[in-house]
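The structure appears right after this line, and notes come after that.
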Amino acid sequence: MKRIRRYLIAGLLVWLPLYVTYTLVKFFGGLMDRSIRFLPDNLQPAEPIPGLGVVITIVLIFITGILTANLVGRKIVGGWESLLERIPFVRSIYSASKNFAEIVFSDSDVAFSKVLLVEYPRKGLYTLTFQTATEVGEIQARTGQDVVACFVPTTPNPTSGFIIVVPKEDTIELDMEVEEAVKLVMSLGVVVPTWNKQQTAELPLKMPTE
């Protein structure tokens, strides 16, 4: 039975990621193909053209970026956002989505640039966090410590979570990339990134024997 179970799990590890990837690509591809509707009726193809929706979506996003980068575009976007801010339920969703997008796609060298390990929620327990800011203004002044803001992602959805402010000396900077840490969170701790064991001698603890 153990052997059968092992074979079943091995098979699932092959097909499940493929199915999820195919489903997501098909879903987003279908959304992009709908952008063809923005074309005038006389320019819309009689038969679906694979990839045309993706090209149109990219061009549409690029043109939107050009328009919003100038003064007129910013005023238009500002007016649109002002309207959304007045709608109670929509306001919270739009603001949260915009704030998260601004953080993730920011050009900042600090936000989501490092993966840190902190003792949380109590001493002896460690939690993966993403460094989001090193300059926290009033918080830093009132605590009198060199603190950093960290985002603690939830499992298995790393886009939700909460913020903690930790003294920099109490954080442990990890070698793993942000993308690897996200995979670790999404996989419930199953997908552990590889690490150079030659660095073990520099650490206070020994790696577990295999």
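The values are calculated or read from the model by the stated rules, or taken from the named source; none is laboratory data. Computed from a prediction, not measured in an experiment: that's the story for all the values here. Don't worry about glycine lacking a Cβ; one is built from the backbone with ideal geometry, like all the others, and counts go over all protein chains shown.
Taking first residues from the stretch 48-64 that are in contact (Cβ under 8 Å) with a residue 24 or more places away in the chain and partners that are among the small types (Gly, Ala, Ser) and surrounded by 12 or more Cβ atoms within 10 Å (Cβ to Cβ), the Cβ contacts under 9 Å between residues at least 6 apart in sequence or on separate chains come to GLY53/GLY29; GLY53/SER35; VAL54/GLY29; VAL54/SER35; ILE56/SER35; THR57/SER35; LEU60/SER35. Looking across the stretch 156-177, the residues that are assigned to a loop (DSSP other than H, G, I, E, B) and out of contact with any strand residue (DSSP E or B) (no Cβ under 7 Å at 6 or more places or on another chain) come down to PRO156, ASN157, PRO158, THR159, SER160, ASP175, GLU177. Checked against (1) closer than 28 Å to VAL191 by Cβ; (2) surrounded by 10 or more Cβ atoms within 10 Å (Cβ to Cβ), ARG5 passes all but a single condition, namely (2). Among the residues of the stretch 79-100, at least one is among the basic types (Lys, Arg), exposed (fewer than 13 other Cβ atoms within 10 Å of the Cβ), modelled with pLDDT under 80 and part of a helix (DSSP H, G or I). ILE63 passes every criterion in (1) surrounded by 13 or more Cβ atoms within 10 Å (Cβ to Cβ); (2) modelled with pLDDT of 75 or more apart from (1).
Looking at the stretch 159-181 only, could you name the residues that are surrounded by 18 or more Cβ atoms within 10 Å (Cβ to Cβ) and either without any contact (Cβ under 8 Å) to a residue 12 or more places away in the chain or under 12 Å from the mean Cα position of the chain (by Cα) (or both)? Result: ALA181, single match.
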